[in-house]
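The values are calculated or read from the model by the stated rules, or taken from the named source; none is laboratory data. Everything quoted here is computed from the prediction, not taken from an experiment. All Cβ positions, glycine included, derive from the backbone under ideal geometry; neighbour counts span all protein chains shown. Surface areas here come from the heavy atoms of the whole protein model, side chains and all, with no ligands, DNA or RNA. Shrake-Rupley method; radii C 1.70, N 1.55, O 1.52, S 1.80 Å.
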Amino acid sequence: MNKLILSFSALFLIIGCQQSAEEHKENKHNSKHWSYDGETGPEHWAELEGETNCNGNFQSPINLVNFKTAEDLEPVDLHYAEETLLHDVVNNGHSIQYDFEHGDFLIHKQDTFHLKQFHFHEPAEHLIEGVRYPLEIHLVHQNSDTEFLVLSVMVKEGQNSKPFELLESYLPIQKGETKLIQAPFDMSQNLPDQKGYFTYQGSLTTPPCSEDVTWIVFKKPIEIALEQVELLRYLMPINNYRDEQPHHGRVIYSTSF
Ligand SMILES: [Zn+2]
């Protein structure tokens, strides 16, 4: 019995060491450590070593209110294909992130933005007229000048989502772990049917809070089952969202549809 306890303790020690080695590697990679609470939480992000824009005037997320309806805004020109491969899923300690292989893209103002990855915030970061949804998905795109366009999809609890079943078949995933997927995933199946949206200029919602982000936030949420939300919630830091940031005179545009 004692032997058994000993070998269990040894096992935990080994797992513990591996985790701290992973964290160390991650910290070294990012060169700064941040989190969603306490000493390294959002109110301290601007004090992190190195360049951050976290104190800038064009920060995200925001409360999407007092918007202007722009009649000339067209539907998002999406080019998401059924056969695009999801490469892997990673638990980076801040969120659960699914990385795409090259394939999906969208065209915005004659510029091509490639879909790199999507990840989750629980609860949502953007507010829609003061309303916070239980979950927000960020679809991160980049153009050839490495400028960002993030498409945001709100999620509410409801029907079971078929596409999420594939995503969740790779969960749970431990902090610091990456799992290869290499299976096709049709991102267009995870978007709301009605594609009206809000758009504004903002930032990444995590350090270094870079202010070169075009945000497109769909007005309507998609639905996933409560158990599906909870599986993600269990794997991510509690409340991995940043509080709403001041508008500082920015204009938020809304589609007329
Ligand atoms: Zn995000």
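Kindly provide the set of residues from region 119-142 that are within 9 Å of the ligand (Cβ to nearest atom) and either within 8 Å of the chain's Cα centre (by Cα) or among the hydrophobic types (A, V, I, L, M, F, W, C) (or both), ordered by number.
HIS119, PHE120, HIS121, GLU136, ILE137, HIS138, VAL140
Does any residue of region 103-116 turn out to be in contact with a His (Cβ under 6 Å, 6 or more places away or on another chain), within 16 Å of the ligand (Cβ to nearest atom), assigned to a strand (DSSP E or B) and over 24 Å from LEU171 (Cβ atoms)?
yes
Looking only at region 222-257, which residues are more than 23 Å from ASP37 (Cα to Cα), assigned to a loop (DSSP other than H, G, I, E, B) and open to solvent by less than 30 Å² (accessible area, probe 1.4 Å)?
ALA225, ILE252, THR255
On the basis of being of a type in the set (Ser, Thr, Tyr), at pLDDT 95 or above, in contact with a His (Cβ under 8 Å, 6 or more places away or on another chain) and within 12 Å of the ligand (Cβ to nearest atom), does THR205 make the cut?
Against the criterion (of a type in the set (Ser, Thr, Tyr), at pLDDT 95 or above, in contact with a His (Cβ under 8 Å, 6 or more places away or on another chain) and within 12 Å of the ligand (Cβ to nearest atom)), THR205 qualifies.
If a residue must be basic (Lys, Arg) and crowded, with 16+ Cβ neighbours inside 10 Å, how many such residues does region 29-87 contain?
So the answer is 0.
One line per residue, one yes/no per condition, for (1) open to solvent by less than 50 Å² (accessible area, probe 1.4 Å); (2) at pLDDT 95 or above; (3) in a loop (DSSP other than H, G, I, E, B):
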residue	(1), (2), (3)
HIS119	yes, yes, no
GLU136	yes, yes, no
SER144	no, yes, yes
VAL153	yes, yes, no
PRO163	yes, no, no
LEU166	no, no, no
ILE181	yes, yes, no
LYS195	no, yes, yes
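Can you tell me which residue is nearest to HIS79 (Cα to Cα) among those in region 183-193 that are among the hydrophobic types (A, V, I, L, M, F, W, C) and surrounded by 15 or more Cβ atoms within 10 Å (Cβ to Cβ)?
Restricting to residues being among the hydrophobic types (A, V, I, L, M, F, W, C) and surrounded by 15 or more Cβ atoms within 10 Å (Cβ to Cβ), the top hit is MET187.
Small (Gly, Ala, Ser), more than 16 Å from the ligand (Cβ to nearest atom) and in contact (Cβ under 8 Å) with a residue 12 or more places away in the chain: does that describe GLY196?
Criteria met by GLY196.
Taking region 73-88 as the region of interest, how many residues are assigned to a strand (DSSP E or B) and within 26 Å of ASP193 (Cβ to Cβ)?
Number of matching residues: 5.
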